[in-house]
Amino acid sequence: MMTKNIPSIGIVGATGFIGRELVANLFNYSRLNLAVRDKQKAEILFQDNINMIEITEVDITKKEDIVRFCENCHIIINCIGPSYRILDQIASVALEVGTHYIDPSGDETLYNLLVSHENQNTSAILAAGMLPGLSGLLPRDLAENFDEIDQIVGYSGGIDYFSPAGAEEFIISLSNGFGRGGACIRAGGIKSSPYSPFVSRELSGVPPFDAYPFISNEFVHICKDLSIKHGDWFNIFFDKHVLDYISVIAMSNNKTELVPNEFVEGLIKANALDTVGRTPFQLLAIEMQGKQYGQSCIMSSIIHAGSGAKLSASVSASAALAICKDDIPIGIHYAANILSPQTTIKDIQQWIPDFKHITFNKSTVEEEGVL
């Protein structure tokens, strides 16, 4: 039910994949104000709830439009992508006018841009999506079971649909500072991965897949914060079309700062071939090794859901509720550093019916078919 005295939450880009899920998640918790490019389209899309929400046509290229929208909201959640094109265009305005800010995307570039806009009244939560975001909360949650962590291995990927912005975000993440391909953590530092570019791997209860070594900035920070000296992360793929197209992009030697439209269209087509006849899903899996009460321990935590957009929207929605409850201190934060893993997972469970979170101790039992 709607909580009393919670002011308006503004959703920028409400008609997109993540935006629509955010509306569904937060509808019963707060007054929603939706910023869209096409008000008529939005009214049709949200016609069942049209009398319960406010829809505002906003041109994000006009600062006065952004200012006017932010001034009418307690929290802004920015779902417009790709994030590297938007940068702080909306975030800086929100913080300047005293509105809290949440972004399902956003990385170190956005963080650094926002530091100068900090004030004593607002907070911002960046990287509040599936990856980064939930991918950082999951290992932090698992780490609570250990006295000392020796090694961490993470996996992320699945079979899902790409929006144009999502495809562009994926392409830019391969080479634009989000992380490093073919890398790992060894002795606390970033090193070349000992694994081949694509290595076949298996997880209990998961179809066979190819894994590509890739460490994000988020993963590097997690290993540092948890004093983990040995870490690997893999992006995983369940068919060859996207993998093959990634190779095409890599060999193109594109020198422009922006991702060419033909790359976006090509990736969407390749991904469509990989999803034919398959039920979409997204997977996050973490395995940790270390000491628990002085004994060697190996534990795994696995998250499985039908949609990456739903997972990202749920993390951002949980972040919004945390701000409304005054659980987030003033300042600029990454979601993985500031959100409660347990609370976030509990929120996701209520919003995504097919969400599964399984944690088990591999030191004492081997579970088969967990998913």
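The values are calculated or read from the model by the stated rules, or taken from the named source; none is laboratory data. As the structure is a computational prediction, the values presented were derived from the model and not from experiment. Heads up, the Cβs are rebuilt from the backbone with ideal geometry, glycines too, and the neighbour counts pull from every protein chain shown. The protein model used for the area step is the full one, side chains on, heavy atoms only, and it has no ligands, DNA or RNA in it. Shrake-Rupley method; radii C 1.70, N 1.55, O 1.52, S 1.80 Å.
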* Asked: Residues that are within 22 Å of the chain's Cα centre (by Cα): which strands (runs of 3 or more DSSP E) entirely in the range 181-238 hold 3 or more of them?
  -> 183-186, 209-216, 230-237
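Every residue, every condition in (1) among the hydroxyl-bearing types (Ser, Thr, Tyr); (2) closer than 30 Å to residue 216 by Cβ; (3) modelled with pLDDT under 90; (4) surrounded by fewer than 22 Cβ atoms within 10 Å (Cβ to Cβ), yes or no:
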{"site": "3", "(1), (2), (3), (4)": "yes, no, yes, yes"}
{"site": "8", "(1), (2), (3), (4)": "yes, no, no, yes"}
{"site": "24", "(1), (2), (3), (4)": "no, yes, no, yes"}
{"site": "30", "(1), (2), (3), (4)": "yes, no, yes, yes"}
{"site": "62", "(1), (2), (3), (4)": "no, no, no, yes"}
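Results for (1) without any contact (Cβ under 8 Å) to a residue 12 or more places away in the chain; (2) of a type in the set (Gly, Ala, Ser); (3) open to solvent by 30 Å² or more (accessible area, probe 1.4 Å); (4) closer than 27 Å to residue 167 by Cα, shown as yes or no for each residue.
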| residue | (1), (2), (3), (4) |
| --- | --- |
| 42 | no, yes, no, yes |
| 45 | no, no, yes, yes |
| 52 | no, no, yes, no |
| 58 | no, no, no, yes |
| 66 | no, no, no, yes |
| 77 | no, no, no, yes |
| 82 | no, no, no, yes |
* Evaluate the following for residue 225: is it out of contact with any strand residue (DSSP E or B) (no Cβ under 8 Å at 6 or more places or on another chain), open to solvent by 10 Å² or more (accessible area, probe 1.4 Å) and farther than 25 Å from residue 304 by Cβ? => yes
* **The listed residue being open to solvent by less than 20 Å² (accessible area, probe 1.4 Å), of a type outside the set (A, V, I, L, M), in contact (Cβ under 8 Å) with a residue 12 or more places away in the chain and out of contact with any Pro (no Cβ under 6 Å at 6 or more places or on another chain), out of 314, 296** => 314
* Got at least one residue in the range 158-174 being surrounded by fewer than 16 Cβ atoms within 10 Å (Cβ to Cβ) and within 23 Å of residue 229 (Cα to Cα)? -> no
* Would you call residue 71 open to solvent by 50 Å² or more (accessible area, probe 1.4 Å), in contact (Cβ under 8 Å) with a residue 12 or more places away in the chain and touching a Lys or Arg at 6+ places or on another chain (Cβ under 6 Å)? -> no
* Hits in the range 349-362 - residues which are in contact (Cβ under 8 Å) with a residue 60 or more places away in the chain and farther than 15 Å from residue 142 by Cα -> 351
* Scan of the range 243-268 for residues that are of a type outside the set (S, T, N, Q), open to solvent by 50 Å² or more (accessible area, probe 1.4 Å) and over 24 Å from residue 155 (Cα atoms), ordered by number -> 251, 255, 257, 258, 262, 265
* So residue 332 fits all but one of (1) more than 28 Å from residue 241 (Cβ to Cβ); (2) of a type in the set (Val, Ile, Thr); (3) open to solvent by 20 Å² or more (accessible area, probe 1.4 Å); (4) in contact with a helix residue (DSSP H, G or I) (Cβ under 9 Å, 6 or more places away or on another chain); what number is the exception? -> (3)
* Please verify whether the range 117-134 includes one or more residues that are β-branched (Val, Ile, Thr), assigned to a helix (DSSP H, G or I), in contact (Cβ under 8 Å) with a residue 24 or more places away in the chain and at negative phi. => no
* To do: Taking residue 199 as the residue in question, decide whether it is touching a helix residue (DSSP H, G or I) at 6+ places or on another chain (Cβ under 6 Å) and either open to solvent by less than 80 Å² (accessible area, probe 1.4 Å) or more than 30 Å from residue 358 (Cβ to Cβ) (or both).
  => no
